[in-house]
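What follows is one structure encoded as structure tokens, with my remarks underneath.
The values are calculated or read from the model by the stated rules, or taken from the named source; none is laboratory data. Bear in mind that the values here come from a model prediction, so they are computed numbers and not experimental data. Here Cβ is always computed from backbone atoms with ideal geometry, including for glycine, and neighbour counts include all displayed protein chains.
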Amino acid sequence: MTLKAVLFDFNGVIINDEPLHQKLIEQLLIEENLRPNPQDFWQFCIGRSDRACLADLLSSRGRTVTDKYLDELVARKSRAYVQQLESIEKLPIYPGLADLIYQLKVAQIPIALVSGATRAEVELVLDRANLSSAFTLSVCGDDITHSKPDPEGYKLAIDRLSQIVPNLHPSECLAIEDSFAGLEAAKAAKIPVVGVANTYPFHMMQRLSNWAVDYLSDLELDRVRAVFSGGERQPVS
């Protein structure tokens, strides 16, 4: 079997922005007259879309909101995110990303992005980081109904990639994730997945993924391709 495509998560894999997201979510709660609890962010938000995060977080506080108001909250938070990033001179892009993308480009392996983030957020970061041309396609929160851990985003990405890579099978792809929700989504879509220990410790990533690495720079493309060619993978528990 040959590695035919690589699918990247966004927050926590491409950009180190989880602390910023937590800050903005907590600010929204304050504006809604709710006291922030740091544990809520980890329980409801890591690896998930803002819409899913806010819906479950508010529900846990006994708040019922309409879809329209939820849309307004997501838009408000997205605008704040964009404003914050526009004020940063150098974005916190993870080390090793540019080199890995270069290796994939040289190998002519298509690259996709699968994220619950809004397209406005994704495009801002990719443009600022000069990475827009690197990705063959992107599936963002705007494109899907169900957030990770639901596999909808990954399935949509595979469907779109199959128009470029005929007869593409999920098992011929590799996903790169940093969260439990993301790992679960990739596995549910039947895509082998690497867990990078950017957000959770290595041992947690190791238990839940096909492979685990401490850093993106540890992910050696030649070795990954060799594993695909040999048809052997670390079993997922």
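Only one residue in Leu124, Leu168 is assigned to a helix (DSSP H, G or I), in contact (Cβ under 8 Å) with a residue 40 or more places away in the chain and in contact with a helix residue (DSSP H, G or I) (Cβ under 7 Å, 6 or more places away or on another chain), so which one is that?
Just one listed residue meets the conditions, Leu124.
If I ask for residues that are in a loop (DSSP other than H, G, I, E, B), over 17 Å from Leu3 (Cα atoms) and not aliphatic (A, V, I, L, M), which ones from the stretch 131-165 would you list?
Cys140, Thr145, His146, Ser147, Lys148, Pro149, Asp150, Pro151
Determine, yes or no, whether Ile176 is β-branched (Val, Ile, Thr), assigned to a strand (DSSP E or B) and within 23 Å of Asp214 (Cα to Cα).
Spelling it out, Ile176 is indeed β-branched (Val, Ile, Thr), assigned to a strand (DSSP E or B) and within 23 Å of Asp214 (Cα to Cα).
Would you say Leu57 is free of Cβ contacts under 8 Å to residues at least 40 places away in the same chain, touching a helix residue (DSSP H, G or I) at 6+ places or on another chain (Cβ under 8 Å), buried (at least 19 other Cβ atoms within 10 Å of the Cβ) and outside the structural domain of Leu168 (by TED's automatic domain parsing)?
So Leu57 fits the description; yes.
Need the failing condition index for Leu183 against (1) part of a helix (DSSP H, G or I); (2) of a type in the set (A, V, I, L, M, F, W, C); (3) exposed (fewer than 15 other Cβ atoms within 10 Å of the Cβ), just the number.
Result: Leu183 passes all but (3).
Does Ala197 satisfy being hydrophobic (A, V, I, L, M, F, W, C) and either crowded, with 21+ Cβ neighbours inside 10 Å or in contact (Cβ under 8 Å) with a residue 24 or more places away in the chain (or both)?
no
Which of the residues spanning the stretch 4-45 are crowded, with 17+ Cβ neighbours inside 10 Å, among the aromatic types (Phe, Trp, Tyr) and assigned to a helix (DSSP H, G or I)?
Phe41, Phe44
Go through Arg63, Arg48, Arg76, Arg35 for me and flag whichever is of a type in the set (Lys, Arg) and under 30 Å from Val224 (Cα atoms).
Residue meeting the stated conditions: Arg48.
Taking Arg79 as the residue in question, decide whether it is closer than 30 Å to Leu29 by Cβ, touching a residue at least 12 places away in the same chain (Cβ under 8 Å), assigned by TED's automatic domain parsing to the domain that holds Gln39 and surrounded by fewer than 16 Cβ atoms within 10 Å (Cβ to Cβ).
No; evaluated as a whole, the condition is false for this residue.
Could you grab me the full set of residues in the stretch 82-128 that are under 23 Å from Tyr215 (Cα atoms), surrounded by 13 or more Cβ atoms within 10 Å (Cβ to Cβ) and of a type in the set (Val, Ile, Thr)?
Ile93, Ile101, Ile109, Ile111, Val114, Val122, Val125
From the list Ile15, Ile25, Ile30, Ile46, pick out the single residue that is free of Cβ contacts under 8 Å to residues at least 40 places away in the same chain, β-branched (Val, Ile, Thr) and either within 20 Å of Tyr94 (Cβ to Cβ) or not assigned by TED's automatic domain parsing to the domain that holds Phe180 (or both).
Result: Ile30 is the single residue among Ile15, Ile25, Ile30, Ile46 that is free of Cβ contacts under 8 Å to residues at least 40 places away in the same chain, β-branched (Val, Ile, Thr) and either within 20 Å of Tyr94 (Cβ to Cβ) or not assigned by TED's automatic domain parsing to the domain that holds Phe180 (or both).
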